[in-house]
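Below is one structure, written out as structure tokens, with a few remarks after it.
The values are calculated or read from the model by the stated rules, or taken from the named source; none is laboratory data. Bear in mind that the values here come from a model prediction, so they are computed numbers and not experimental data. When we count neighbours, we look across all protein chains shown, and the Cβ atoms used for this are built from the backbone with ideal geometry, even at glycine. Note: accessible area is taken over every heavy atom of the protein model, side chains too, but ligands, DNA and RNA are not part of it. Shrake-Rupley method; radii C 1.70, N 1.55, O 1.52, S 1.80 Å.
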Amino acid sequence: MATPPRTQSNPVVAALFFVALAAAWEFGVRLFGVKSYLLPALSDIGVAFWEARAMLLDHSLVTLGEVLSGFALAAVLGVALAALIHVVPVARSTLYPVVIALQSIPKVGLAPLMVVWLGYGFGSKLVMAFLFAFFPIVISTLGGLASVPSNLEEHFRALGASRWTMFARLQVPAAMPNFMDGCKVAMPLAVIGAIVGEFVGSNNGLGNVILLATGSSQTALTFAALLTVTMLSLVLFYVVELLSKFVWWRAV
Amino acid sequence: MATPPRTQSNPVVAALFFVALAAAWEFGVRLFGVKSYLLPALSDIGVAFWEARAMLLDHSLVTLGEVLSGFALAAVLGVALAALIHVVPVARSTLYPVVIALQSIPKVGLAPLMVVWLGYGFGSKLVMAFLFAFFPIVISTLGGLASVPSNLEEHFRALGASRWTMFARLQVPAAMPNFMDGCKVAMPLAVIGAIVGEFVGSNNGLGNVILLATGSSQTALTFAALLTVTMLSLVLFYVVELLSKFVWWRAV
Amino acid sequence: GGTGDAGKERVTFNMSWLPQGSMAGVIAAIDKGYYAEAGLDVNVVRGFGGIRTANELDQGMFEFGYGDPVSVVLNRQNGGKTRMVGTINTRWPAALCYVKERHTIEKPADLAGLTVGGGQSSAMQALVPAWLTRNGVDKDSVKLLQLDPALVVTSLVEGKIDAGECWEGNSLPLYHKRAKEAGVTIGRISYSAFNLDLYGSGILTTEKMLAEKPETVKKFLAATYRGYEYAAANPDEVVGMMTKRFPMLDAAITKQQMVETAELMKDGAGTFKPARVASSLDFLKQAYALKGDIAPGDVFEGASATPAARP
Amino acid sequence: MAGSLMGVAIRVENLTKFYGGPTGTKALEDVDIAIEDCEFISIIGPSGCGKSTLLRILAGLHGFDTGSAAMFDEGVDAPRDDVGVVFQTANLLPWLTVDKNLTLALEIRRGKAAAEAADVGAMVEMLNLKGFEDKYPHELSGGMKHRVAIGQALMQNPRVLLMDEPFGALDALTRDRLNIELLRLWQRDRKTVVLITHSISEAVLLSDRVLVLSERPGRLIADLKIDLPRPRDPSITRDMPAFGDHVVELSRIMGVV
Amino acid sequence: MAGSLMGVAIRVENLTKFYGGPTGTKALEDVDIAIEDCEFISIIGPSGCGKSTLLRILAGLHGFDTGSAAMFDEGVDAPRDDVGVVFQTANLLPWLTVDKNLTLALEIRRGKAAAEAADVGAMVEMLNLKGFEDKYPHELSGGMKHRVAIGQALMQNPRVLLMDEPFGALDALTRDRLNIELLRLWQRDRKTVVLITHSISEAVLLSDRVLVLSERPGRLIADLKIDLPRPRDPSITRDMPAFGDHVVELSRIMGVV
Ligand SMILES: Nc1ncnc2c1ncn2[C@@H]1O[C@H](COP(=O)(O)OP(=O)(O)OP(=O)(O)O)[C@@H](O)[C@H]1O
Ligand SMILES: Nc1ncnc2c1ncn2[C@@H]1O[C@H](COP(=O)(O)OP(=O)(O)OP(=O)(O)O)[C@@H](O)[C@H]1O
Ligand SMILES: Cc1ncc(C[n+]2csc(CCO)c2C)c(N)n1
Ligand SMILES: [Mg+2]
Ligand SMILES: [Mg+2]
């Protein structure tokens, strides 16, 4: 007898699923006579995508830069803040509510302030991507820190481990699975953040493309740009998912 | 010797912190001559808030209804989907990417579709709140399911536990801490979702107030409405935080 | 629209944006009972830009809307069947506003090298390059910024942009108010003053409405223009109606928007001038890469035939 | 012995098990075991030799590489309903009280009604856990946790009981008490018991046969019949010379001085 | 005995400890203990009587309600640098290999350089873990994990060694081997050892004194000096009648037949 078979994902089924999804879109639109300004046929979007591919690529790179910078900043500051809140009780009753409030404010409401402080360039998009990505990382890292097995924490205390050692050698590795979950949530949010930043004021990036295409009712191009954003986000998500495979000690 | 003192949060320090923050706002604005259309003095916002309190309360209740419905739907469907993805490998390669894609699409880009399909009423806001809150719950619940201690999973297998028993008696409780973290991230996102939904098309709710106030250049009222949203969000967050205290078995 | 309370036909009008002075005629027609006299029960709702108003109108989400030829043409390009049935802004009401203390902009060529900001749902991104080209200015010499609508005025006053798109009957009074607060003055260069003969916003409906309920359309138009006439004659009373209905409106700004709208209507609102119709379509073909031929009558109901009904 | 009349309960033939494939750790090699129904056998062997691995295979939790494993003439490839397992670590649910942990297996196997009908009080008494019924696992000592885990398995009253060092964390007195209880239950309910233990005297005291595994990879190096009369109780460890002989022989096999 | 020349290492007076306040579980009651420097003492007592609680208090990990606890004349209120602890559960870091887990305590206490200079190979050899240096804890058997935990504490070479049932999960042979090693290290490095064990014979074999705690709440009910010559090795369990006498006396105190 071999090891009990764990049902494996079937790539053929997955492929069929996506083909079916695409077909449903393509023919559903035609069948129900959905107007192209609402939802163009997939093939039209494909054509628009292909025709605008060079332009979309250029703008993707702009957005990608904003996303990655904002995300990186969120990861670094998010972990730092979570550690601070976990360790210093007064931070939990002061900084923590500020972070939650920051998360709760409709960011578009802050747009005028953002633009006046940071201008229309890279800065305001970085900050937007950061603001969207920051919170899930803080919360999940805090959750991870609170889940450090108490017997291991006791062990480290018995060893007279310094706060830093405790943090670096025990809490960080123990919180890694939760942190990676936070990153999975944060990455698509960073993308949304950058796009929203571009909506607020920009002259390039995929968000700008969406605005321009919408403004001139080029719906196929709008959707091609939306699709590009989605694909960018998917790729970035799967990069995080791949990296999270290195944190294998989740359930052991 | 008593149990080693765990430094407690000092409510006085916290209160002082927030008083200082408010003072910095109030006097910073005056000191640096910040234009009131950029950032009104806190006292002006307070006045606007007080004058519009009845109206703000009415609209808050509208938004609250949208947030809670969207959040509840996200919690139920999020856990269900996470369980499905965890258990059925083909769901991981089909539904999972769709969910991630859904998360990644800039939702305002879909606004026209949403409004035509769901109208200007409650439905489109519920869906927006749902879409924003759904993803963090799926990801965190998945993380929780993947963290079920392998010895307990083996124990249940040895007991011949059915899938349902395994789910209800082991996986759900074990994933609860992560699920609650997901809810903490999801709750402010649900608020943002409802507000964005109101931005996209509405005739009431706090998002609508923000738009109207902005459109008529009543900056103090805009900020009073933003503050109301933030407070709503904070209250809802702390409700979740309070509920999560019942999941005490995180680190034991 | 079904049948309303007092046996009246219920129709909905989409304002295409937030309530403001340019909508005074519609509000006046409601409050003065002109619609009721015509057997209509009119419900007004806010909108989210002209393009969405045209598309949602085409979807049947309401019977009438406020919108410009750009929205109609783009809707039709995408298979829609909307039409403008009554003109209100007889010329394109947009201009580029600037701070006089910083710039002097008297002709399109003065814009070269400057950064210009416009709201997201404005047609600036398509219109300005075409307009510059018409006036012999390199379209790439002006940098166009896409901004959140609420941001344009602030950005200009704060010096983040050199010029911002401003609209008579709409955002222009706001520019003056902000400028006053900041201690600067606003200058303005109108597109229509330099080679642009283009209709602005008017009343939109669908071909379906025109075919199935032509009487409703006629009655709606007649009552609406009656309302605008009343508003032009009694601005203070109608401002009162507006602020009562929409408590958040600023009375002074609303009144100024009404005055500007009345001014925009003076050049034959309610009728279609074939020359301006032709010139409008001509310009839109240039600004947008439009597919196929567009007949004036497809976009402007009655443009090639009889003028639309006036009281 | 009762067992010999009733056929074979467990038959392992030629069993080999690797962790991480044939290039990984070889845990068991060519193991052949036959256990009769209602037999009480113990397995001893050095730490890391594959005892827990064997138990997991019998419990239907692990696959293996060559050979076969059968229980009541059916190949073991999934957990069986008539088998109770006590694992080497006390696998308690942190969110359930002692009471609820005790009835957990019963409830999962036979439903809520069965769990409610069960005499938890008697089991708590037997495990000397009076007063801790409503405590959670993190409020228990190490040995108390193990007692709860043992109790959970016993409450199922399974036909086959697989136990992995259940008494390792207990003091001599508690261990003796539970040994007596186990003998009583076995005598009364006629079950097949496979007990992994590190205590040679415990193995001799309780078992019909003691199997000895070699150092990793675990091979069967001895199969010693314990010829002591039943019923037994811990007093035989002092009073019966044959007991000492068996202990000495097993110690010799294990290489203990 | 060496210890008596060198003063008191650990002094516990009148110690009482509740879990959950005075209305909760009383774990220890009025415990008085004095342990001389370089003394080897064992603590035995029924499961749940408060042994681990006492050890945690000595390790500076738990507070208590009344009385005092001092080490080398300093009140114990935080973990000390010269104390090594082996917990009842093998507290290994899942993300570190056996090698790294073995040097973890050393590294935390004395830095990377000390950890790198240490002779891990010898320790691996002594623990009979050859070939598993690069495995992770989840790839080890229960006893192997405990051996790694013991090794980690020993590698610190602490002045005071507190051990909570370190050998409970080990077979007789491995246990004997490690007992011998422990005696050797103790003899060589002159440390104070407090060993919690469930094996009466192990306690007698290794200790200068054996302390017996009562059922919960734990009170000190016996303090037995073990008058056996040093150096000792496991052969004395057979060869020395005094050994048996001590075992019998302790069994009697514990109430074991
Ligand atoms: N999940 C696993 N992955 C890889 N190797 C494993 C795994 N479980 C056990 N092993 C290896 O298999 C061998 C046998 O382990 P097993 O747990 O069966 O030993 P054991 O006889 O129960 O030992 P102990 O008395 O210490 O509990 C050991 O060398 C161990 O390292
Ligand atoms: N964290 C805790 N919270 C509450 N009660 C506890 C806690 N830890 C231990 N206890 C209680 O204190 C008592 C003594 O526990 P302790 O772990 O010291 O026992 P022990 O002598 O080590 O037992 P064992 O031999 O079973 O390990 C037990 O009754 C136990 O229920
Ligand atoms: C009917 C109508 N007219 C003009 C615009 C253009 N526009 C978009 S935002 C904005 C400023 C609003 O304060 C203006 C004028 C429109 N969308 N709809
Ligand atoms: Mg084992
Ligand atoms: Mg203990």
Of all residues in the range E:152-175 being within 16 Å of ligand 1 (Cβ to nearest atom) and part of a loop (DSSP other than H, G, I, E, B), the one that is farthest from E:Thr53 (Cα to Cα):
E:Asp171
Go through the range A:148-159 and give me each residue that's outside any helix (DSSP H, G or I) and open to solvent by 30 Å² or more (accessible area, probe 1.4 Å).
A:Pro149
Looking only at strands (runs of 3 or more DSSP E) that lie completely in the range C:56-119, which have at least 2 residues being under 17 Å from C:Ser155 (Cα atoms) and either modelled with pLDDT under 95 or open to solvent by 10 Å² or more (accessible area, probe 1.4 Å) (or both)?
C:115-119
The listed residue being within 12 Å of ligand 2 (Cβ to nearest atom) and of a type in the set (S, T, N, Q), out of E:Thr16, E:Thr23, E:Thr53:
E:Thr53
The range A:209-237: number of residues that are more than 21 Å from C:Asn75 (Cβ to Cβ), open to solvent by 10 Å² or more (accessible area, probe 1.4 Å) and facing another protein chain (nearest Cβ under 8 Å):
3
Residue that is least open to solvent (accessible area, probe 1.4 Å) [pool: residues in the range D:140-157 that are in contact with a Ser or Thr (Cβ under 9 Å, 6 or more places away or on another chain) and away from ligand 2 (no atom under 13 Å from the Cβ)]:
D:Gln152
Return a yes/no flag: does the range E:177-200 have any residue that is within 16 Å of ligand 4 (Cβ to nearest atom), part of a helix (DSSP H, G or I), open to solvent by less than 30 Å² (accessible area, probe 1.4 Å) and touching a Ser or Thr at 6+ places or on another chain (Cβ under 8 Å).
no
From the list D:Val85, D:Val12, D:Val8, which one is open to solvent by 10 Å² or more (accessible area, probe 1.4 Å), away from ligand 3 (no atom under 16 Å from the Cβ), closer than 30 Å to B:Arg163 by Cβ and among the β-branched types (Val, Ile, Thr)?
D:Val85
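This table checks each residue for (1) within 13 Å of chain A (Cβ to nearest Cβ); (2) more than 20 Å from the chain's Cα centre (by Cα).
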{"residue": "C:Ala123", "(1), (2)": "yes, no"}
{"residue": "C:Arg134", "(1), (2)": "no, yes"}
{"residue": "C:Lys143", "(1), (2)": "yes, yes"}
{"residue": "C:Ser155", "(1), (2)": "yes, yes"}
{"residue": "C:Pro173", "(1), (2)": "no, no"}
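Please verify whether C:Gly21 is free of Cβ contacts under 8 Å to residues at least 60 places away in the same chain and either more than 16 Å from ligand 2 (Cβ to nearest atom) or within 14 Å of chain B (Cβ to nearest Cβ) (or both), treating the condition exactly as stated.
Considered against the rule, which asks whether it is free of Cβ contacts under 8 Å to residues at least 60 places away in the same chain and either more than 16 Å from ligand 2 (Cβ to nearest atom) or within 14 Å of chain B (Cβ to nearest Cβ) (or both), C:Gly21 comes out as no.
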Here are some residues: D:Asp65, D:Asp77, D:Asp81. Which one is out of contact with any Gly (no Cβ under 8 Å at 6 or more places or on another chain) and of a type in the set (Asp, Glu)?
D:Asp65
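What's the total number of residues in the range A:145-165 that are without any contact (Cβ under 8 Å) to a residue 40 or more places away in the chain and within 22 Å of B:Asn178 (Cα to Cα)?
The qualifying residues number 7.
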Yes or no: E:Ala149 within 12 Å of chain D (Cβ to nearest Cβ), more than 16 Å from ligand 3 (Cβ to nearest atom), assigned to a helix (DSSP H, G or I) and out of contact with any Asp or Glu (no Cβ under 8 Å at 6 or more places or on another chain)?
no
Taking the range A:28-81 as the region of interest, how many residues are in contact with a Pro (Cβ under 9 Å, 6 or more places away or on another chain) and either open to solvent by 30 Å² or more (accessible area, probe 1.4 Å) or among the aromatic types (Phe, Trp, Tyr) (or both)?
2
In the range A:111-143, residues that are in a helix (DSSP H, G or I) and either without any contact (Cβ under 8 Å) to a residue 60 or more places away in the chain or surrounded by fewer than 19 Cβ atoms within 10 Å (Cβ to Cβ) (or both) total 12
Within the range A:183-205, is even one residue of a type in the set (Gly, Ala, Ser), over 29 Å from B:Ser140 (Cβ atoms) and facing chain B (nearest Cβ under 10 Å)?
no
Tell me, please, whether a residue that is touching a His at 6+ places or on another chain (Cβ under 9 Å), facing another protein chain (nearest Cβ under 9 Å) and within 11 Å of ligand 2 (Cβ to nearest atom) can be found in the range D:127-139.
no
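Only one of C:Ile30, C:Ile51 is touching a helix residue (DSSP H, G or I) at 6+ places or on another chain (Cβ under 6 Å) and in contact (Cβ under 8 Å) with a residue 60 or more places away in the chain. Can you tell me which?
Exactly one residue qualifies, and that residue is C:Ile51.
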Name the pairs: first residue in the range E:184-205 and within 14 Å of chain D (Cβ to nearest Cβ), second residue within 16 Å of ligand 4 (Cβ to nearest atom) and open to solvent by less than 10 Å² (accessible area, probe 1.4 Å), Cβ to Cβ under 7 Å, at least 6 apart or on different chains?
E:Glu202/E:Phe167
Note on C:Pro214: of the conditions (1) more than 13 Å from every other protein chain (Cβ to nearest Cβ); (2) modelled with pLDDT under 95; (3) farther than 30 Å from C:Leu40 by Cα, unmet is (3)
Out of curiosity, is D:Leu92 among the hydrophobic types (A, V, I, L, M, F, W, C), open to solvent by less than 40 Å² (accessible area, probe 1.4 Å), touching a Pro at 6+ places or on another chain (Cβ under 6 Å) and within 14 Å of chain E (Cβ to nearest Cβ)?
yes
Among the residues of the range B:177-198, are any surrounded by 24 or more Cβ atoms within 10 Å (Cβ to Cβ), among the small types (Gly, Ala, Ser) and at positive phi?
no
Going through E:Asp223, E:Asp245, E:Asp233, E:Asp208 one at a time, which residue ends up being under 24 Å from E:Leu170 (Cβ atoms) and surrounded by fewer than 20 Cβ atoms within 10 Å (Cβ to Cβ)?
E:Asp233
